[in-house]
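This report concerns only the one structure given below.
The values are calculated or read from the model by the stated rules, or taken from the named source; none is laboratory data. Predicted, not measured: the structure shown is a model, and the values here were computed from it. Cβ atoms come from the backbone with ideal geometry, glycine included; neighbour counts cover every protein chain shown.
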């Protein structure tokens, strides 16, 4: 058993459970609602730009996504969007906030495998209430030594969290599906970073893989994580 590693942090959305697919389904619904006003590709680009602009105002999560959809609807209809469409956008967001949790393959088994040996913590960003809801419904809460819901992920934030849970950054690992939020800042903090790609990835979370960093690893799913850790 290696003692090089003491602490393992996990991202939540699209690492432990499905998330982005519900955004994609709602975005398709949004395109149908506004089909008379804008082509699907143009609408998607306008929405993406609105989301990027609004990250500093609303942060990550469903509520900011809904507000960005409403803003985009106003823009593409030149402020003539029918109230019924705005209502449908709001209802779509409310449905997203109540959608059942769908765990990704090997998520629970991997956490159970690691929790007895390592300090396993959840490090996720987004809306506080929604993230708490998803964690409660996931049935995984009891497997974590701690839960950190943050507004952003940076090297300084990873250092502070890992130190607070008793591990040096150099003896800690971050596991996630976002290269920009989960992997690059964890590596910058001096930790290991394990990238677990998801089939759907939001464009602002994408970045080039740091393949020249010997603390960077990529696995196809969480089922390979235990063997990777034991080989460190």
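Step by step: first the residues of segment 8-36, then only those that are assigned to a loop (DSSP other than H, G, I, E, B) and within 16 Å of residue 96 (Cβ to Cβ), then the one that is farthest from the chain's Cα centre (by Cα). Which residue is that?
For segment 8-36, the residue satisfying everything is 18.
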Inside segment 186-215, the number of residues satisfying the requirement of being in a helix (DSSP H, G or I), out of contact with any helix residue (DSSP H, G or I) (no Cβ under 6 Å at 6 or more places or on another chain) and under 21 Å from residue 227 (Cα atoms) is 1
Within segment 165-185, can one find any residue that is over 26 Å from residue 44 (Cβ atoms), in contact (Cβ under 8 Å) with a residue 40 or more places away in the chain and in a helix (DSSP H, G or I)? yes
Checking 137, 131 in turn, the sole residue that is assigned to a helix (DSSP H, G or I), within 15 Å of the chain's Cα centre (by Cα) and on the phi < 0 side of the Ramachandran plot turns out to be 131
Given (1) closer than 20 Å to residue 21 by Cα; (2) in a helix (DSSP H, G or I); (3) at pLDDT 95 or above, residue 220 misses just (2)
Does segment 205-225 include one or more residues that are within 14 Å of the chain's Cα centre (by Cα) and more than 18 Å from residue 111 (Cβ to Cβ)? yes
Among all residue pairs at least 6 apart or on different chains, which show Cβ distances below 6 Å where the first residue, located in segment 140-163, is under 14 Å from residue 176 (Cβ atoms) and the second is assigned to a loop (DSSP other than H, G, I, E, B)? 158/189
What are the residues in segment 167-185 that are more than 17 Å from residue 13 (Cα to Cα) and crowded, with 24+ Cβ neighbours inside 10 Å, if any? 172, 173
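Quick one: how many residues across segment 97-117 are in contact (Cβ under 8 Å) with a residue 24 or more places away in the chain and assigned to a loop (DSSP other than H, G, I, E, B)? Walk me through how you get there before you give the answer.
Applying the first criterion (in contact (Cβ under 8 Å) with a residue 24 or more places away in the chain) to segment 97-117 yields 97, 99-115, 117.
Filter again for assigned to a loop (DSSP other than H, G, I, E, B), leaving 97, 99-102, 104-106, 117.
Qualifying residue count, segment 97-117: 9.
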Would segment 188-202 turn up any residue that is out of contact with any strand residue (DSSP E or B) (no Cβ under 7 Å at 6 or more places or on another chain), without any contact (Cβ under 8 Å) to a residue 40 or more places away in the chain and farther than 25 Å from residue 59 by Cα? yes
